[in-house]
1. Looking at the stretch 292-329, which of its residues are without any contact (Cβ under 8 Å) to a residue 60 or more places away in the chain and buried (at least 24 other Cβ atoms within 10 Å of the Cβ)?
2. Hey, any hits in the stretch 205-218 for a residue that's more than 16 Å from ligand 1 (Cβ to nearest atom), buried (at least 18 other Cβ atoms within 10 Å of the Cβ) and of a type in the set (Phe, Trp, Tyr)?
3. Pairs please, first residue from the stretch 332-359 and within 18 Å of Gln38 (Cβ to Cβ), second anywhere and of a type in the set (Phe, Trp, Tyr), Cβ atoms under 7 Å, 6+ apart in sequence or on different chains.
4. For the stretch 305-359, give me the residue count where each residue is part of a helix (DSSP H, G or I), more than 16 Å from ligand 2 (Cβ to nearest atom) and under 19 Å from Arg48 (Cα atoms).
5. Being buried (at least 18 other Cβ atoms within 10 Å of the Cβ), away from ligand 2 (no atom under 12 Å from the Cβ) and touching a residue at least 40 places away in the same chain (Cβ under 8 Å) is the filter here; which residues of the stretch 239-276 pass it?
6. Tell me which residues, restricted to the stretch 90-109, are assigned to a helix (DSSP H, G or I) and either among the acidic types (Asp, Glu) or surrounded by fewer than 18 Cβ atoms within 10 Å (Cβ to Cβ) (or both).
Amino acid sequence: EPELAGDFGTLMEWADKHRRMKVRANAETPADCKMARQFGAEGVGLCRTEHMFFDATRISAVRQMILAEDEAGRRAALEKLLPEQRADFQAIFEEMAGLPVTIRLLDPPLHEFLPQGDAEFAELSEAIGIGVDTLKRRAGELHELNPMLGHRGCRLGITFPEIYEMQARAIFEAACDVASASGDAPVPEVMIPLVATRKELEILKKVVDVTAAKVFGEKGRTLDYMVGTMIELPRAALMAGDIAHEARFFSFGTNDLTQTTLGVSRDDAGRFLSPYVEKGIYPRDPFVSIDVEGVGQLVELGAERGRATRPDLKLGICGEHGGDPASIAFCEKVGLDYVSASPYRVPIARLAAAQAALG
Ligand code: PEP
Ligand code: MG
């Protein structure tokens, strides 16, 4: 297992003795989980489930799930997706062998799920038996001028709670099966994305809790699990004290938090932020290193207000900043419990976390 052998492995061992924060990985495939563990990850901090929905064999059902005319139509599509989603989570739980796994419920750019062009509409119509005209009308109803600020994250879960219900069912069924088959019982951490208000979280936490209870009844066993939220909107950071009533953990999504705090698109920023850094307007690219003065204040405030409500609130970060040494030093200062980085950055994060704890 210790892939990081030799002097480097020794260095990593020293680092691990000194760091306070845990280091997890952002991973959504068993292969990434395996690599993350070889690099020393102590859990999955972010499993982005939307990546699982683009699979060629699933995309028709995914489109049906979004474009069906009514709940019965959506549920028919979700029935098809459930076994595959359960297998996704089972493989991850097995690979992570009892380490914590944070699974984020669907946070799609909705437009990427919609068919494009007549040929795709015709093909989908053929596959799911809904007329092309109906599909086009539904797609039109869901069309957004700015999808990145649209029907994303928990807003989708509020509109279509049955999607989150299917995912929660897949998580708990997989976790129960893995727990029964091995000694390492998974402790799923179910994470709700793009929450702005306590009410959103309250509604969706209930969907998760009710589903967990049903699955535990069916399986004749229970499991520990947690429900928590991303903090990735300024409103969520400001209202963290309120939101923490419904959350066992917070994970700061500093990609979206940077985008929404600076009002700069995370997808186009590269084009004009380089001159910004050259001119000293920002000391570093704020999408690489946390903008300590602005975004950092929101992280600090969110952590303080959340912990004031719930002293044992678990706090982490899963934006790209979680693998950036300067940002990791900031996370240490704020007192986060863990950082989560892409698998290849896990060793750097372990070193940076140790340096931050010693510094
Ligand atoms: C984030 O916004 O920081 C985050 C981790 O989520 P995503 O990058 O998937 O939006
Ligand atoms: Mg995000």
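The values are calculated or read from the model by the stated rules, or taken from the named source; none is laboratory data. Fair warning: this is a prediction, and the values are worked out from it, not measured in the lab. Neighbour counts are summed over all protein chains in view; Cβ atoms, including those assigned to glycine, are modelled from backbone coordinates with ideal geometry.
1. If the condition is that a residue be without any contact (Cβ under 8 Å) to a residue 60 or more places away in the chain and buried (at least 24 other Cβ atoms within 10 Å of the Cβ), then Val295, Gly323, Asp324 are the ones that fit.
2. Within the stretch 205-218, the first condition is being more than 16 Å from ligand 1 (Cβ to nearest atom), and the residues that meet it are 205-218.
Remaining after also requiring buried (at least 18 other Cβ atoms within 10 Å of the Cβ): 205, 207-208, 211-212, 215.
After this cut, where a residue has to be of a type in the set (Phe, Trp, Tyr) as well, the list is none.
No - not one qualifying residue is present in the stretch 205-218.
3. From residues that are within 18 Å of Gln38 (Cβ to Cβ), the pairs are Pro343/Phe39; Val346/Phe39; Pro347/Phe39.
4. Initial filter on the stretch 305-359 (part of a helix (DSSP H, G or I)): 305-309, 320-323, 325-334, 343-358.
Filter again for more than 16 Å from ligand 2 (Cβ to nearest atom), leaving 305-309, 325-326, 328-334, 343-358.
Okay, now just the ones that are also under 19 Å from Arg48 (Cα atoms), so 343-346.
The number of residues fulfilling the criteria is 4.
5. Result: Met239, Ala240, Ile243, Ala244, Glu246, Ala247, Phe249, Phe250.
6. The first filter runs over the stretch 90-109 and keeps only residues assigned to a helix (DSSP H, G or I), leaving 90-96.
Result: Ala91, Glu94, Glu95.
So that you can scan it fast, the table gives a plain yes or no per residue for (1) surrounded by fewer than 19 Cβ atoms within 10 Å (Cβ to Cβ); (2) within 16 Å of ligand 1 (Cβ to nearest atom); (3) under 30 Å from Glu218 (Cβ atoms); (4) of a type outside the set (Gly, Ala, Ser):
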site	(1), (2), (3), (4)
Ala127	yes, no, no, no
Met166	no, no, yes, yes
Asp177	yes, no, yes, yes
Ile192	no, yes, yes, yes
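Yes/no per residue for (1) in contact with a helix residue (DSSP H, G or I) (Cβ under 9 Å, 6 or more places away or on another chain); (2) of a type outside the set (A, V, I, L, M, F, W, C); (3) modelled with pLDDT of 95 or more:
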{"site": "Ala77", "(1), (2), (3)": "yes, no, yes"}
{"site": "Asp88", "(1), (2), (3)": "yes, yes, yes"}
{"site": "Val101", "(1), (2), (3)": "yes, no, yes"}
{"site": "Gln116", "(1), (2), (3)": "no, yes, no"}
{"site": "Gln167", "(1), (2), (3)": "yes, yes, yes"}
